[in-house]
């Protein structure tokens, strides 16, 4: 199981969900729906840790999967934008005025991967 963040911040309910998510029967769609559901309480410190959690997840994803790493590195110096009109934090927002945090994290990860190969 991959768990990002201190174990003490994970409630028993969250721990049970992590076990469910790692089962092969639980797919991406279910994980997305669960993430958007408000039936499960959010971490109290969620707003404080969300960028670090995403950064660690993206780093793990692109260091683990060589094909994805090659695809990310092949973007060269292009700006990477999460085209999400309704998301002004992770994405670009409707008018391009969003923070695009996911795009920024992807570009930082791309640079870290380059630095590791040099």
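The values are calculated or read from the model by the stated rules, or taken from the named source; none is laboratory data. Predicted model only: the values in this text are computed from it and were never measured. In this analysis, Cβ positions are derived from the backbone assuming ideal geometry, glycine residues included, and neighbour counts consider all displayed protein chains.
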For this session: Restricting attention to helices (runs of 4 or more DSSP H) lying wholly within the stretch 1-75, give those where 3 or more residues are at pLDDT below 80 and not assigned by TED's automatic domain parsing to the domain that holds residue 112.
Result: 12-22, 28-36
Exercise. Got a sec? Which of 68, 80, 72 is touching a helix residue (DSSP H, G or I) at 6+ places or on another chain (Cβ under 7 Å), surrounded by 14 or more Cβ atoms within 10 Å (Cβ to Cβ), within 13 Å of residue 110 (Cα to Cα) and without any contact (Cβ under 8 Å) to a residue 40 or more places away in the chain?
Worked result: 80
For this session: State whether the residues of the stretch 93-102 include one that is in contact (Cβ under 8 Å) with a residue 40 or more places away in the chain, outside the structural domain of residue 35 (by TED's automatic domain parsing), over 23 Å from residue 35 (Cα atoms) and over 17 Å from the mean Cα position of the chain (by Cα).
Result: no
Seminar exercise, completed: Of the conditions (1) over 24 Å from residue 35 (Cβ atoms); (2) outside any helix (DSSP H, G or I), the single one that residue 111 does not satisfy is (2)
